[in-house]
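Nothing in this text is a laboratory measurement; each read-out follows from the coordinates by a stated rule. The structure presented is a predicted model; accordingly, all values stated were derived computationally and were not measured. Glycine gets a Cβ as well: all are built from the backbone with ideal geometry, and neighbour counts include every protein chain shown.
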Amino acid sequence: MREISIMSTCIRHDYPIDLPQHLLHPKRIMIAIVDYKAGNLRSVERALKHIRADCIITAHPHAILNAERVIFPGVGAAGKAMEAIISTGLNRILCEVVAHGNPFLGICLGTQIILDESEEDGGTKCLGIMPGTVRRFPEMNLKIPHMGWNNISVKNDHPVLNGVERDAQFYFVHSYFPDPADKSDIIAETDYGVNFASIMARKNVFATQFHPEKSGAAGLRILENFSRWNGRY
């Protein structure tokens with residue numbers, strides 16, 4: 001596997017700690033759900049609580065950097081999301097998490113903006129955690145956005161997919177899709193007029209275009225596997 005490219009701006013900083021008292025000296029958080037005001041955080045939290053995984057929704061650098069695992073969810077537009085991420089310094093934090101080898105899960109928009117750039121909003125520079133481009137679905141006789149249940153087709157095995165059927169159905173809502181530069185990063189594909197990467201992975205990063213938190217038993221299995229995964233691949 002190729003090394004993950006890390007942005008040059010992703011260097012270690014001493015961040016001011018301005019946390020609630022119960023976070024100043026906590027036990028280590030199992031899973032941090034990154035809050036960058038891009039939706040679907042509570043549904044992820046509910047799904048994790050359903051499988052009894054310890055988690056917290058947070059934007060605090062200290063909490064994110066010290067979590068055992070990090071989930072980067074999101075819905076909405078790439079441009080607005082990147083503005084929020086950069087304005088809060090979360091771009092550096094997320095790159096540090098990946099560089100340190102912590103298990104990292106991207107969901108939907110969170111999957112798209114870990115790539116280099118997106119065609120959305122006239123072209124948006126993204127995090128560059130994995131090489132690739134986010135592309136809009138072409139004009140075709142299918143409704144855009146792609147919304148509803150669809151199958152995946154697993155191309156490469158991965159620990160986070162243990163116990164998941166190779167053609168399992170998951171819930172999608174998106175008008176753009178990830179196109180990784182290195183096709184060996186594709187774990188599963190989905191057909192919606194074009195075949196696109198519905199799951200990507202590289203080292204300690206696992207990312208789904210669909211919403212596992214809205215995908216019933218198969219989605220919960222992915223979240224449970226992630227909650228136990230050591231980040232090795």
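With loop defined by DSSP as not H, G, I, E or B, and exposure as at most 13 other Cβ atoms within 10 Å, which is the longest segment of the chain clear of exposed trypsin sites (Lys or Arg not before Pro)? Display every interim value, and only then the final one.
Working: sites that count: ARG2, ARG12, LYS27, ARG28, LYS37, ARG52, LYS143, ARG166, ARG232.
Longest run free of exposed loop sites: 53-142.
Report, to the nearest 10°, how far helix 216-228 tilts away from the longest principal axis of the Cα atoms in the chain, using its own Cα long axis and a range of 0 to 90°.
Compared with the principal axis, the helix lies near 40 degrees.
Could you work out [θ]222 nm for the chain from helices alone, using -39500 (n - 2.57) per DSSP H run of at least four and dividing by all its residues? Round to the nearest 500 deg cm²/dmol. Before the final figure, lay out each step's value.
Values: 7 runs with 57 residues, N = 233.
Roughly -6500 deg cm²/dmol at 222 nm, from the helical runs in the chain.
On C-alpha positions alone, give me the angle between the axis of helix 41-50 and the longest principal axis of the chain, in degrees, nearest 10.
Approximately 90 degrees, to the nearest 10.
Go ahead and run the numbers for FRET between HIS50 and LYS125, Cβ-Cβ distance against an R0 of 25 Å, rounding to 0.05. Show your work: numbers first, answer last.
Numbers: r = 36 Å, r/R0 = 1.44.
Efficiency computed from Cβ-Cβ geometry: 0.10.
Between GLU83 and SER175, what's the calculated FRET efficiency when r is the beta-carbon distance and R0 is 22 Å? Round to 0.05. Kindly include the intermediate steps, with their values, before the conclusion.
On the way: r = 19 Å, r/R0 = 0.86.
It comes out at approximately 0.70.
Name the residue, out of SER43, SER184, SER87, whose mean-square fluctuation peaks in a Gaussian network model built on the chain with Cα pairs under 10 Å.
Sorting by GNM fluctuation, first place goes to SER87.
Can you list the residues of the stretch 55-75 with backbone N under 12 Å from a point 7 Å past the Cα of MET30, pointing along Cα to Cβ?
55-56, 68-69
Give me a comma-separated list of calculated 3J(HN,Hα) values for the stretch 64-78, in order, Karplus coefficients 6.51, -1.76, 1.60 applied at θ = phi - 60°, integers in Hz, x for any Gly or Pro.
These are the phi-based 3J(HN,Hα) values: 5, 5, 9, 6, 5, 9, 10, 10, 10, x, x, 9, x, 9, 4 Hz.
Which whole-angstrom value gives the distance between the alpha carbon centres of the stretch 174-233 and the stretch 56-102?
Cα centres, the stretch 174-233 to the stretch 56-102: 18 Å.
Relative to the longest principal Cα axis of the chain, at what angle does helix 90-99 sit, 0 to 90 degrees, rounded to 10?
Once rounded, the angle reads 80 degrees.
Count the net charge of all other residues whose Cβ sits under 10 Å from the Cβ of GLU120, scoring Lys and Arg as +1 and Asp and Glu as -1.
Working: positive: LYS80, ARG135, ARG136; negative: GLU117, GLU119, ASP121.
Here the charged neighbours net out to 0.
What is the dipole size for the chain, taken about its Cα centre, with +1 at each Lys and Arg Cβ and -1 at each Asp and Glu Cβ, in debye to the nearest 20? Write down the numbers at each step before the final one.
Working: 25 positive and 25 negative charges, 120 e Å.
Dipole of the chain, to the nearest 20 debye: 580 debye.
Just to be sure I understand: with springs between alpha-carbon atoms less than 10 Å apart, which residue in THR190, THR88, THR208 has the highest mean-square fluctuation in the Gaussian network model of the chain?
Top of the fluctuation ranking is THR88.
Treat the count of other C-beta atoms within 10 Å as a stand-in for reagent exposure and order LEU109, LEU41 from fewest to most. Mind dumping the intermediate values first?
Working: LEU109 28, LEU41 20.
Going from sparsest to densest Cβ surroundings: LEU41, LEU109.
If you look for lysine pairs in the chain that are eight or more places apart or on different chains, how many of them have Cα atoms under 14 Å apart?
Values: LYS37/LYS80; LYS49/LYS214; LYS80/LYS125; LYS155/LYS183.
Eligible lysine pairs with Cα atoms under 14 Å apart amount to 4.
Please list, in chain and number order, the residues 5+ apart from ALA168 or on another chain whose amide H is under 5 Å from its amide H, with Hs placed from the backbone.
Amide H neighbours of ALA168: ILE152.
Once you sort the root eigenvalues of the Cα gyration tensor of the stretch 132-233 as a ≥ b ≥ c, which label holds: rounded (a/c under 1.5), prolate (a/b larger than b/c) or oblate (the other case)?
On the way: a/c = 2.12, a/b = 1.40, b/c = 1.52.
Judged from the Cα gyration tensor, the stretch 132-233 comes out oblate (a/c at least 1.5, b/c at or above a/b).
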